[in-house]
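Data block below; observations after.
The values are calculated or read from the model by the stated rules, or taken from the named source; none is laboratory data. Worth saying up front: this structure is predicted, and the values here are computed from it rather than measured. With ideal geometry, Cβ positions are generated from the backbone for all residues, glycine too; neighbour counts draw on all protein chains shown. All accessible areas refer to the heavy atoms of the entire protein, side chains included, with ligands and DNA or RNA removed. Shrake-Rupley method; radii C 1.70, N 1.55, O 1.52, S 1.80 Å.
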Amino acid sequence: MASYDFDLGVIGGGAAGLTVAAGASQLGVKVLLIDKDERLGGDCLHYGCVPSKTLIRTARVRRLMGRAGDFGLPEVELPPVDYSQVVQRINEVIAEIQVHDSVERFNSLGVEVRFGKVYFIDAHSVSLNGRNVSARSWVVATGSSPAVPLIKGLDEVPYLTNVDLFSLPELPQSLIVLGGGPIAVEMAQSFQRLGSEVTVVQRSNQILSREDEDMARYVMDGMADDGVRFILGSTIEDVRNVDSGVEVHLKSGGESITVSASKLLLAMGRSSNTTGLGLDKIGVELAHGSITVDARMRSSVSNIYAAGDVTGKYRFTHAAGYEGGIVISNAVFHLPRKADYTWLPWCTYTDPELASVGMNEKAAHKAGIKYKTVIEEFSTCDRALAEGEGRGLIKLLLNEKGKPIGCQLAAVHAGELLSEWIAVLNGRVGLSTLAGAVHPYPTLSEMNKKVAGKLLGEKLFSDKIRKILKLFFAYRGSEVGV
């Protein structure tokens, strides 16, 4: 029987890798965790979720300061933002969370942590800084990086990505954002609120193209109110250096347009980090640079698993953590547990936020599922009006049997409000139960109860029920001689 240095080797110290390493080690497995950087936490902690949400909060506070008059307070003139102070706060938040993702903590859990470049020699062995290390099973959780599309002139123009954005020495006077996905729109709105003049250039005719158009429109309208400019349905012809910064030449609606700004942010998707790992040489199947896995997170080489962004499936931190749990079930317990993304939620942290779980209308159309929608506006929510946040929408999708198959929210704190629907859908809770549950007043969460109650109300107050009740009361009346 072959002898290995470790039971399990994990490559990548982001959400997926840390989940696997911590969980397996606490189960008594001898684990090696390898990361290319001299710190753990991955893209999420250092360049993604944590710094972006910290920045979003700062930008939202500044926006609220500018809305003082809307709340009966004296108007205030906002001074320019010192971006170095914003960066300092971002770094402080990262440092506080880094303690949880520190080498010391993982060492205390029994994980051996090493840093350096790694590539596979065979299915069980890798070269790490020139030395061979073996493990019975491996998990590749190397994440993703900003995709760099083929745009004429881009290789000659300095551009920003999410990696650079949170360490800028000063706030850009103006910013062109290429892309209309979550990262693009979150950062576009935040920098506009901080004082930059922002233009979003999107290839399709809709931002957040995977979302329903009506929901994405709520987000776009909110961003436009902040002053963000949009150029949709565009084709980028080239980008150029100019004295003032950068120019983007494009066509939109048959018209040639030139946009200029001091900085350019590239946010046009992500690419899986598989280059240089030697995966193709040992038979690991790749598709467009991402590791192909089955429902048990196994690659085409049975003892090599992959989880997180590197699979190219769902590039969310919570998806990476979930997939890490699937890996533990299969690689450690050898239980054939499969990943199920039916109720995988996600949220774009704009203002308003856009949160979703299950199917939206686009997905239902694509799957050929017949459905109906129940919609409620936040303008009917007392708490939303009191908060000055009456712009919002909740949309529930039901199949032919009246069962919920998805829910979308475009509203303030939509990500938090979605949690109730996550529980309802995962727990197969009936809408009558949700509609009958007492919610505190006044809260935004009443909207969840309201949209469920609206559907039941349509049934309860239907002509059919009225006729039945009329016959019932006529019968009861005759029984007692009325």
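Residue-wise HN-Hα couplings along the range 234-239, as the Karplus relation 6.51 cos²θ - 1.76 cosθ + 1.60 with θ = phi - 60° gives them from phi, are 10, 10, 7, 8, 6, 10 Hz; Gly and Pro carry x. A 1.4 Å probe over all protein chains sorts Met268, Met447, Met359 by accessible area into Met359, Met268, Met447, starting with the largest.
One way to sum up the overall shape of the chain is the equivalent ellipsoid from its Cα gyration tensor, whose semi-axes run 42, 34, 21 Å, largest first. Within the shell defined by Cβ-Cβ distances under 9 Å, the residues around Arg60 carry a net charge of +3, with Lys and Arg each +1 and Asp and Glu each -1. Summary of the geometry: the range 197-226 and the range 71-144, compared by the centres of their Cα atoms, lie 31 Å apart. Under 5 Å between amide hydrogens, built in the peptide plane, is the criterion, and for Asp238 it picks out His249 among residues at least 5 positions away or on other chains. Remark on Met359: its backbone amide H falls under 5 Å from those of Gly406, Cys407, a criterion applied only to residues 5 or more positions apart or on other chains, H modelled at 1.01 Å from N. When the Cα positions of Thr54, Gln88, Val76 are compared along the charge dipole of the range 3-98, Val76 comes out farthest toward the positive end, with charges on each C-beta of Lys, Arg, Asp and Glu.
Couplings 3J(HN,Hα) for the range 60-76, derived from phi with the Karplus relation 6.51 cos²θ - 1.76 cosθ + 1.60 (θ = phi - 60°), are 5, 4, 5, 5, 5, 4, x, 9, 3, x, 5, 10, x, 9, x, 5, 10 Hz, where x marks Gly and Pro.
Relative to its Kirkwood radius, the Cα radius of gyration of the range 330-461 gives an Rg/Rh of 1.02.
The alpha-carbon positions of the range 34-135 define a convex hull whose volume is 135 Å³ per residue. For Ser174, the amide hydrogen comes within under 5 Å of the amide hydrogens of Glu197, Ser262, Lys263, counting only partners 5 or more places away or on other chains and with H modelled in the peptide plane. For the chain, give the percent of accessible area contributed by carbon and sulfur heavy atoms, probe 1.4 Å, rounded to a whole number. For the chain, the apolar C and S fraction of the accessible surface comes to 52 percent.
What's the center-to-center distance, using Cα atoms, between the range 229-249 and the range 321-376 in Å? The range 229-249 and the range 321-376 have Cα centres separated by 35 Å. Which entries of Lys152/Lys251; Lys313/Lys366; Lys362/Lys403; Lys370/Lys395; Lys53/Lys450 have Cα-Cα distances beyond 21 Å here? Checking Cα-Cα distances, Lys53/Lys450 exceed 21 Å.
Using only alpha-carbon positions in the range 206-303, the gyration tensor eigenvalues give semi-axes of 38, 21, 12 Å once each is multiplied by 5 and square-rooted (largest first).
Surface listing: Lys395, Lys449, Lys263 arranged by accessible area from highest to lowest gives Lys263, Lys449, Lys395, probe 1.4 Å. Taking every Cα-Cα distance in the range 221-364 and sorting them into 10 Å bins starting at zero, the pair-distance distribution P(r) comes out as 9, 25, 26, 23, 14, 3, 0 percent.
Per-residue Karplus couplings for the range 380-395, computed as 6.51 cos²θ - 1.76 cosθ + 1.60 with θ equal to phi - 60°, are listed in order as 9, 9, 4, 5, 4, 5, 5, 7, x, 10, x, 8, x, 8, 10, 10 Hz, Gly and Pro entered as x. Where both bridge residues fall in the chain, DSSP classifies roughly 65% of the beta bridges as antiparallel.
Of the listed residues Ile257, Ile326, Ile369, the order by accessible area with a 1.4 Å probe, largest first, is Ile369, Ile257, Ile326. Rounded to the nearest 20, the size of the Cβ-charge dipole of the chain about its Cα centre is 1960 debye, with Lys and Arg at +1 and Asp and Glu at -1. Calculated mean residue ellipticity, 222 nm, the chain: -10000 deg cm²/dmol, from DSSP H runs (n ≥ 4) at -39500 (n - 2.57) each, averaged per residue and rounded to 500.
Within the chain, the cysteines lacking any other cysteine Cβ closer than 4.7 Å to their own Cβ are Cys347, Cys381, Cys407.
The solvent-accessible area of Glu75, taken with every protein chain present and a 1.4 Å probe, is close to 140 Å².
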